[in-house]
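Chemist: Next up is a structure, given as structure tokens.
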Amino acid sequence: MLKCYSYDIVCQEIPDEISLAVNISCCPNRCPGCHSPWLWSNEGEEMTEDMLAMLMERYSAAITCFCFMGGDAEPMEVMRLAKLIKDRWPHLKTAWYSGKEALPEGFDIRSMDYIKLGPYIEALGGLKSPHTNQSLYKIGTEGEMTRILLSLRR
């Protein structure tokens, strides 16, 4: 079960998108130096279809992307909800920030428009660091992954 710890409208997580970033708790990765260690706990409201509908009713006109921040404990549920978003709100893009190095077997990459992969390693920095181990990918219509180099964007 996915649990939503918090959410906010953000403009920096996905390039050129205004995203509703939903912070998912129960993170199994426990990266040393994590900037959000409170997301390791089992707290928050269950991320149900009803909750998703409530968020969309409030925010879908103000955003261009729905971004799952975490959810590595339940990747297939992230995928299922992303497909639901694409079906019911086709004008929105979907994104997933995963702390894993690779997608889980059976994950339908076409459920996402963007995917961030890689655990946070404090010494290497986040996505905007030229030394990061993390990668943000734009997903093409055929499921191809194109890496986006954020450190070169600004």
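The values are calculated or read from the model by the stated rules, or taken from the named source; none is laboratory data. Owing to the predicted nature of the structure, the values given are computational and were not obtained by experimental measurement. Virtual Cβ from ideal backbone geometry, glycine too; neighbours counted across all protein chains shown. Surface areas here come from the heavy atoms of the whole protein model, side chains and all, with no ligands, DNA or RNA. Shrake-Rupley method; radii C 1.70, N 1.55, O 1.52, S 1.80 Å.
Chemist: So what does residue 69 come to for accessible area, using a 1.4 Å probe and Å² rounded to 10?
Modeler: Accessible surface of residue 69 is approximately 30 Å².
Chemist: With every protein chain in place, what's the accessible area of residue 88 (1.4 Å probe, Å², nearest 10)?
Modeler: For residue 88, the solvent-accessible surface is approximately 120 Å².
Chemist: Heavy-atom accessible area of residue 50 with all protein chains present, probe 1.4 Å, nearest 10 Å²?
Modeler: Rounded to the nearest 10, the figure is 130 Å².
Chemist: If you take the beta carbon distance between residue 142 and residue 57 as r and set R0 to 25 Å, what does 1/(1 + (r/R0)^6) give as a FRET efficiency, to the nearest 0.05?
Modeler: Once the sixth-power term is evaluated, E becomes 0.15.
Chemist: Could you pull out the longest piece of the chain with no exposed loop GluC sites (Glu not before Pro) in it, calling a site exposed if DSSP puts it outside H, G, I, E, B and it has at most 15 other Cβ atoms within 10 Å?
Modeler: By the stated rule (loop sites, at most 15 other Cβ atoms within 10 Å), 44-100.
Chemist: Between residue 50 and residue 16, 0.36 nm times their residue separation minus their Cα-Cα distance comes to what?
Modeler: Length gained between residue 50 and residue 16: 9.4 nm.
Chemist: So how far, in whole Å, is the C-alpha centre of the range 34-48 from the one of the range 103-154?
Modeler: 21
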